[in-house]
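Engineer: One structure, as structure tokens, below. Some questions next.
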2 protein chains.
Amino acid sequence: MTEAVTTTLNHETRLHEDDHHSIKLWLRLLTCSSLVETRLRGALREEFDTTLPRFDFLAQLERVPDGLTMGELSRRLMVSGGNISGISAQLVREGLVDRSPVPENRRMFMVKLTPKGRRAFAKMAQQHEEWVIGLLGHLSRDEADQLMHLLERVKQGL
Amino acid sequence: MTEAVTTTLNHETRLHEDDHHSIKLWLRLLTCSSLVETRLRGALREEFDTTLPRFDFLAQLERVPDGLTMGELSRRLMVSGGNISGISAQLVREGLVDRSPVPENRRMFMVKLTPKGRRAFAKMAQQHEEWVIGLLGHLSRDEADQLMHLLERVKQGL
DNA sequence: GCTTCATATTTTAAACGTAAAATGTTTGCG
DNA sequence: CGCAAACATTTTACGTTTAAAATATGAAGC
């Protein structure tokens, strides 16, 4: 079973004709992000045999050469601390990140990319961007700007 | 990267200053739908002790009195078939849905709401709509229309 | 009737996610 | 100092999700 997403159907089929604007909007938002996420997940698995959470983990580290603590990673990735422990254990095992105690505070660990991790992420990030452009790049510059702005408005209201 | 400094971190912290439009757009889309999803999930658990996937599952059935097959549910909800098997087993066990073999094609099962399921969903759906309005309702009619249209354009390109 | 291929669903294994308890460390305060 | 509270992380137990393999049925051609 490798399906789940096919031709036309999606969350919006949940609606009756007369349902309200906010619900419609929410379902369309959900449809769009689910579709993009599903495709990115599949491509990452196919091409690099990795997952979205792991990609995100590396992406956070990539922009902070000095590294991040477990707790900071947890906050930035918006997932629980226990989850960070697990994912970082994987990535350490694979040699993509380094996890070493912080001398000044022995409760903490500093996590950073290894050179190998940096190389691996660079490759993935480039492909990733191309995939995203392939998925969203058909919007005109103007449409993209508008959408960006409207989503910012949505975010504000949350 | 304004948000990186604040306490309200989100997916967009993944970005460098000079990253490209499509990626920015995708991360903002993801941020918005994640935020809404998280809140709805929490509210559903708190108020009705249920989950978003189960609510969505019932919502799909509610608008199709004759029921849907497992495969159709999988396509509409955009989740894997294995997942549908699991969720439907739960809901059958709780008496909210009925799942019976299709005589004409013995590979399939037809799933429909039970009266109990219909009553339970009706209660939840009203609350759910109020929550969504609370989350997205601050947009003007005009903004909502524009956003709706732009997301439709995104969907088309996928 | 076979064989082959497609379809519908279930099962399985692994990744991911959370919450809560456990462990070890630091901080603050009487 | 000594002790309690806060903090950072790990561990444990459990639920969800996916991809992939397995199972079962149907359809089409010879």
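The values are calculated or read from the model by the stated rules, or taken from the named source; none is laboratory data. All figures in this text were calculated on a predicted structure; none of them were measured in a lab. So basically every Cβ, Gly included, is an ideal-geometry build from the backbone, and we count neighbours across all protein chains shown. Ligands, DNA and RNA are excluded from the accessible area calculation, which covers all protein heavy atoms including side chains. Shrake-Rupley method; radii C 1.70, N 1.55, O 1.52, S 1.80 Å.
Engineer: Explain nothing, just the number: dipole magnitude of the protein assembly as shown about its Cα centre with +1 on each Lys and Arg Cβ and -1 on each Asp and Glu Cβ, in debye rounded to the nearest 20. Could the numbers behind the result be given before it?
Structural biologist: On the way: 44 positive and 44 negative charges, 225 e Å.
Charge dipole of the protein assembly as shown: 1080 debye, to the nearest 20.
Engineer: Using amide H atoms built 1.01 Å from N in the peptide plane, name the residues 5+ places from residue A:98, or on other chains, whose amide H lies under 5 Å from its own.
Structural biologist: A:112, A:113, A:114
Engineer: Taking the square root of 5 times each eigenvalue of the Cα gyration tensor, what semi-axes in Å does the equivalent ellipsoid of region A:51-135 have, largest first?
Structural biologist: Semi-axes (√(5λ), whole Å): 23, 14, 11.
Engineer: Would you check the protein assembly as shown for Lys pairs whose C-alpha atoms are within less than 18 Å, ignoring same-chain pairs closer than 8 in sequence, and give me the count?
Structural biologist: For the protein assembly as shown, the number of qualifying lysine pairs is 6.
Engineer: Work out the length of the dipole vector of region B:50-158 about its Cα centre, built from +1 on the beta-carbon of each Lys and Arg and -1 on the beta-carbon of each Asp and Glu, and round it to the nearest 20 debye.
Structural biologist: Values: 16 positive and 13 negative charges, 110 e Å.
That gives a dipole near 520 debye.
Engineer: Further question: Among residues other than residue A:96 whose Cβ falls under 10 Å from its Cβ, what is the net charge (Lys/Arg +1, Asp/Glu -1)? Please report the intermediate quantities before stating the final value.
Structural biologist: Details: positive: A:54, A:93, A:116, A:118, A:119; negative: A:94, A:98.
Every neighbour counted, the sum reads +3.
Engineer: Roughly how far apart, in whole Å, are the Cα centres of region B:69-97 and region A:83-158?
Structural biologist: 32
Engineer: Would you mind working out the accessible area per residue for chain B, using a 1.4 Å probe, and quoting it in Å²?
Structural biologist: 51
Engineer: In terms of the Cα gyration tensor, with a ≥ b ≥ c the square roots of its eigenvalues, is the protein assembly as shown rounded because a/c is under 1.5, prolate because a/b exceeds b/c, or oblate?
Structural biologist: Since a/c reaches 1.5 and a/b is larger than b/c, the shape of the protein assembly as shown is classed as prolate.
Engineer: Which of the three applies to region B:95-158, rounded, prolate or oblate, going by the alpha-carbon gyration tensor with a ≥ b ≥ c and a/c under 1.5 meaning rounded?
Structural biologist: On the way: a/c = 5.85, a/b = 1.64, b/c = 3.56.
Judged from the Cα gyration tensor, region B:95-158 comes out oblate (a/c at least 1.5, b/c at or above a/b).
Engineer: Compute the distribution of all C-alpha to C-alpha distances in chain A, in bins of 10 Å from 0, and list the percent of pairs in each, rounded to whole numbers.
Structural biologist: Going from the shortest bin to the longest, the percentages are 9, 29, 31, 22, 8, 1, 0.
Engineer: On to the next question. Which percent of the accessible area of chain A is formed by carbon and sulfur heavy atoms (probe 1.4 angstrom)?
Structural biologist: About 51 percent, which is the carbon plus sulfur part of the accessible surface.
Engineer: Right, something else. Add -39500 (n - 2.57) for each DSSP H run of 4 or more in the protein assembly as shown, then divide by its residues: what number comes out at 222 nm, to the nearest 500 deg cm²/dmol?
Structural biologist: The per-residue figure over the protein assembly as shown is -21000 deg cm²/dmol.
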